[in-house]
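All remarks here apply to the structure that follows.
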Amino acid sequence: MKPTLLILAAGMGSRYGGLKQLDAMGPSGEVVLDYSVFDAIRAGFGKVVFVIRRDFEEQFRNQIGSKFGDRIAVDYAFQDINDLPVGFSVPEGRTKPWGTAHAVLAAEGVVNEPFLMINADDFYGRDAFAKIGADLSSPRPEDGKSHYSMVGFYLKNTLSDHGSVARGVCTRGADGMLSSVTEMTKIFRTSTGAENRETEPPLPLTGEEVVSMNFFGFTPDIFGHLRTAFTKFLETSGTDLKSECYVPKEVDVLIRDGKADVTVLESNDSWFGVTYPEDKADVVASIRALVAAGAYPENLWA
C-alpha cells in the first residue's frame with residue numbers, strides 16, 4: 001500500500017499576514033507545497049490529502065488541487081474550530097484553531113493507510129521524502145505498540161532572522177530512537193546559537209539540537225491516540241483562548257507512556273520556510289538555487 005501525504009494547510013499564517021500557502025515562491029509561480037507534492041510523487045506516495053478550511057476551499061481547489069489530478073490522487077479534509085468531541089464547545093472569544101493534533105484528526109475519515117504529516121509552508125527537500133517514504137512502505141512489528149518515524153532537522157537550519165519560531169526540540173536514546181520532544185514556542189536566533197524566551201531567564205540553545213518540523217510518519221492508529229489526547233487537552237486547557245494541542249507534544253506523551261516508539265531519520269537536505277514576510281526573499285532565492293543546481297525543473301508541472 002502506497003503511503004499518503006497529509007498536508008496541514010488550514011492556517012492563515014497570522015505572523016506572515018496572509019494565506020502564505022498560496023503565495024508564489026518558485027520561478028514558474030510554484031508555491032512551497034508544490035515542491036512537497038513533487039517530492040512525494042518521486043518518493044512513491046499514492047495520494048495527497050489537504051487539510052484546509054471551508055472558507056477558502058474553492059480558491060484552494062482551483063489554485064492548488066487542480067494541478068495534481070492526473071499525477072496523484074487528491075482528497076480534502078476540513079478543519080473546523082467547532083468540530084469538538086461531545087460535551088465540549090468553543091469558549092466565547094476564541095478564534096484561534098486548536099492546533100496540529102486537531103488538524104490531523106480532521107483527516108481521519110479520508111486516510112486509511114500509513115501517512116506523512118507535513119506543514120504546507122515548509123520546504124523539506126527530496127531526501128527527507130525519499131527516506132520517510134521508504135520507511136512508511138516497510139512492514140511494522142505487530143507487538144501491541146505503535147511504530148512511527150520522523151525526519152529531524154538541525155535547529156540552526158530552521159531559524160528565522162526576523163522573529164521567533166516554534167519548534168519541537170528532540171532528544172534521542174542510545175538506540176537512536178526518539179526519547180522526548182519538548183515544544184518550545186519562542187525560539188530566537190542569537191550570536192551564539194539560539195535561545196527560548198518562554199521563560200525568564202531564557203533557555204540557551206546551541207543550534208545543533210535536532211528539532212521536529214512536523215515531518216512525522218504515522219500509521220492510522222495515531223488517530224485513536226490523538227482523539228484521546230485531544231479530549232484530555234480540552235478537559236485541562238479548553239477554556240484557554242489561545243492554547244493548542246500539538247502533535248509533537250502528544251507523540252512525546254505516547255513515548256513516555258510506552259505506547260509508541262519513533263525512528264529518527266536523518267536528512268542531508270536543509271529545511272527552509274516562511275514564517276514572516278521578510279523570509280520570502282530567502283525562500284525564493286533558495287528555491288532558485290536548487291532549480292539552477294538541477295534538483296527541480298524550472299516548471300514543476302509543465
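Just so you know, all these numbers are worked out from the coordinates, no wet-lab data involved. Since we're looking at a predicted model, the values are computed, not measured. As a convention, Cβ positions derive from the backbone with ideal geometry for all residues, glycine included, and neighbour counts pool all protein chains shown.
Of all the options 75, 261, 175, the one that moves most in a Gaussian network model of the chain with Cα springs shorter than 10 angstrom is 175. Provide, for q = 0.15, 0.18, 0.19, 0.27 Å⁻¹, the log10 of I(q)/I(0) from a solvent-free Debye sum over equal Cα point scatterers in the range 121-204. Per q value, in the given order, log10 I(q)/I(0) is -0.72, -0.94, -1.00, -1.39. Across the chain, C-alpha contacts under 8 Å between residues 6 or more apart give a mean separation that, scaled by the residue count, equals a relative contact order of 25 percent.
Net length available on complete extension from residue 138 to residue 24 is 37.5 nm, with 0.36 nm assigned per residue and the Cα-Cα distance removed.
In a fully extended conformation the segment linking residue 63 and residue 177 would gain 37.1 nm over its present Cα-Cα distance, using 0.36 nm per residue. Over all pairs of different C-alpha atoms in the chain, the reciprocal of the mean inverse distance, the Kirkwood hydrodynamic radius, equals 19.7 Å. The charge dipole of the range 2-114, taken about its Cα centre with unit charges on the Cβ atoms of Lys, Arg (+1), Asp and Glu (-1) only, comes to about 200 debye. Residues considered: 128, 289, 101. Largest GNM mean-square fluctuation over the chain, using C-alpha springs under 10 Å, is found at 289. DSSP assigns beta bridges within the chain; of those with both partners inside it, close to 55 percent run antiparallel. Compared with the rule-of-thumb size 2.2 N^0.38 Å for a compact globular protein, the range 211-302 has a Cα radius of gyration ratio of 1.52. If you take the Cα centroid of the range 48-98 and the Cα centroid of the range 139-190, the two points sit 25 Å apart. Split the chain at each of the GluC sites (Glu not before Pro) in a DSSP loop with at most 12 other beta carbon atoms within 10 Å, and the longest piece is 1-91. For the range 185-283, applying the loop criterion from DSSP together with a ceiling of 11 other beta carbons within 10 Å to the trypsin sites (Lys or Arg not before Pro) yields 242. With springs only between Cα atoms under 10 Å, which of 286, 66, 164 fluctuates most in a Gaussian network model of the chain? Sorting by GNM fluctuation, first place goes to 66. Peptides 114-122, 143-151 ordered by packing proxy, namely the average of other Cβ atoms within 10 Å per residue, highest first: 114-122, 143-151. The orientation-averaged projected area of the convex hull spanned by the Cα atoms of the range 1-107 comes to 8.2 nm².
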